1. Within the stretch 310-330, is even one residue open to solvent by 60 Å² or more (accessible area, probe 1.4 Å), over 28 Å from LEU227 (Cβ atoms) and free of Cβ contacts under 8 Å to residues at least 60 places away in the same chain?
2. Determine, yes or no, whether GLY14 is free of Cβ contacts under 8 Å to residues at least 40 places away in the same chain, open to solvent by 10 Å² or more (accessible area, probe 1.4 Å) and within 22 Å of SER319 (Cβ to Cβ).
3. Could you check the stretch 31-52 and list, in sequence order, the residues that are farther than 24 Å from SER153 by Cα and open to solvent by less than 20 Å² (accessible area, probe 1.4 Å)?
4. On the given criteria, is LYS202 farther than 30 Å from GLN318 by Cα, assigned to a loop (DSSP other than H, G, I, E, B) and open to solvent by 10 Å² or more (accessible area, probe 1.4 Å)?
5. So PHE343 fits all but one of (1) within 20 Å of SER283 (Cβ to Cβ); (2) surrounded by 21 or more Cβ atoms within 10 Å (Cβ to Cβ); (3) under 27 Å from the mean Cα position of the chain (by Cα); what number is the exception?
6. Suppose we filter THR268, THR264 for residues that are crowded, with 19+ Cβ neighbours inside 10 Å, modelled with pLDDT of 95 or more and closer than 27 Å to ALA81 by Cα; which single one remains?
7. Residues in the stretch 191-201: is at least one modelled with pLDDT under 95 and among the charged types (D, E, K, R)?
8. Find the residue count for the stretch 225-245, including only residues that are within 17 Å of TYR83 (Cα to Cα), open to solvent by 40 Å² or more (accessible area, probe 1.4 Å) and part of a helix (DSSP H, G or I).
Amino acid sequence: MKNTPFTHKHTALGAKMAPFAGYNMPISYTGINEEHLTVRNNAGVFDVSHMGEFILKGEHALDLIQRVTTNDASKLTVGKAQYSCLPNEEGGIVDDLLVYCIEENNVYMLVVNASNIEKDWNWISKFNTKGVEMHNISDKTCLLAIQGPNAASILQPLTTVELVNLKYYTFAKGEFAGVPNVVISATGYTGAGGIEIYFEDKDGAADKIWDAIFEVGGPKGLKPIGLAARDTLRLEMGFCLYGNDIDDTTSPMEAGLGWITKFTKEFTSREKFEQQKAAGVTSKLVGFEMVDKGIPRHDYEIKDAAGQVIGKVTSGTQSPSMQKAIGLGYVKTEFAAQDSEIFIAVRDKLLKAKVVKVPFLS
C-alpha cells in the first residue's frame with residue numbers, strides 16, 4: 001500500500017486511516033459531520049495526493065485529447081480547465097477527469113481518479129498514434145484541496161496569486177508558501193469554494209506547505225478533513241463519483257453529463273451518444289430525498305409503488321447540512337421527473353422517497 005507525502009501528518013493527528021485506491025488515506029479525524037460542516041461553513045484541508053496527473057505535450061497533444069474525451073478542449077486557453085470524461089467504445093465511461101491547459105495547443109495536464117491511473121494511461125496511450133509526449137507524474141505530484149468559503153482569504157498571505165479572484169475552473173502558476181512553480185486552481189469537488197494546489201514533492205516542499213497552511217489557518221479554524229466528508233460534501237452537490245454513479249457501463253447521457261458531451265468534433269462513441277440524445281435514454285441518474293426514515297446505500301434496489309424494480313441507488317448518505325437522507329440513483333426515465341414517488345428497498349421494507357433537483361443544496 002502506498003503512502004502520500006502527508007501520511008505521517010495524518011497519523012500524528014490521530015486520523016482514522018484506511019486503504020483507498022491502493023493508498024493509505026485519512027478517512028476522518030474528529031468525525032464526518034463535524035469535518036463536513038467545517039468545510040461548508042469555514043475551510044478544511046484534504047490530502048488528495050492519490051489522484052493521478054498526466055502531462056501531454058507536443059503539436060498533436062490537443063488532437064489526442066479531443067479524440068479521447070467528450071468535452072471540447074479546443075475551447076481552453078492558458079489558465080483554464082474543464083471537466084470531461086473518457087468514453088469507451090461501448091458507450092460507457094472509462095473515467096471522468098479534469099483537463100488543464102498549460103500552454104495552448106501544446107501542453108496539457110490531465111487529472112484522473114486514483115483507482116484508474118493505470119487504466120486511463122493505457123487507454124489514452126492506445127490512441128496516441130501521432131507521437132504525443134506523455135508523462136505520468138502521479139507519483140511525484142502532491143495535491144492538497146483547501147475547500148470552504150473562507151479558504152481563499154485564509155491562504156492569501158501565502159501567495160501573490162490573487163486567490164479570491166480565481167474564477168471557477170481557472171488556475172494560475174506561482175509561488176506558494178515559498179515553494180516555486182505551484183499550480184493553484186479553483187476546480188473543487190465540494191461546492192464550497194476554495195482552491196487546490198499541485199506541486200512536486202521535492203526539497204521538503206510537502207512538509208513546508210502543510211505546515212505553512214496550518215500556521216496561517218489554524219488560528220482561523222482551518223482543519224484537516226478526511227475522505228469520508230469529501231464524499232458527503234460532493235454528494236450534496238450531486239457530483240458524480242467514478243465507480244459509484246458512473247462507470248464502464250453508464251453513458252454520459254444517462255448520467256446527466258450531456259453538457260460535457262460536445263458533438264462539434266470526432267471522439268470515441270460519438271455516434272452512440274448522438275443516437276441517445278436524439279432517441280432519449282431508457283434510464284437516468286436522479287437525485288432523491290428520503291420521505292420515510294432510512295438511509296439509502298450503494299446498490300440498494302429502487303422500486304415503484306407496486307414493488308417492481310425500476311433502478312438502483314448509486315450513492316446515499318445522511319446529509320450533514322440538510323439533516324435528511326439523500327441519494328443518487330438510476331431509474332427508468334418515466335420515473336425521473338421531479339417529485340416522482342419512488343421506493344428504496346431496505347432489507348424487507350420499501351421506504352418512500354421522492355425525486356428532487358440536484359444540487360441538493362442551492
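The values are calculated or read from the model by the stated rules, or taken from the named source; none is laboratory data. Since this is a predicted model, take the numbers as computed values, not measurements. We place every Cβ from the backbone using ideal geometry, glycine too, and count neighbours over all the protein chains shown. When the accessible area is computed, the model is the full protein with side chains, heavy atoms only, and any ligands, DNA or RNA have been set aside. Shrake-Rupley method; radii C 1.70, N 1.55, O 1.52, S 1.80 Å.
1. no
2. no
3. HIS50, GLY52
4. Criteria met by LYS202.
5. Just one mismatch for PHE343, condition (3).
6. That would be THR268, the only listed residue that is crowded, with 19+ Cβ neighbours inside 10 Å, modelled with pLDDT of 95 or more and closer than 27 Å to ALA81 by Cα.
7. Yes: the stretch 191-201 contains one or more residues that are modelled with pLDDT under 95 and among the charged types (D, E, K, R).
8. Residues that pass the stated criteria total 0.
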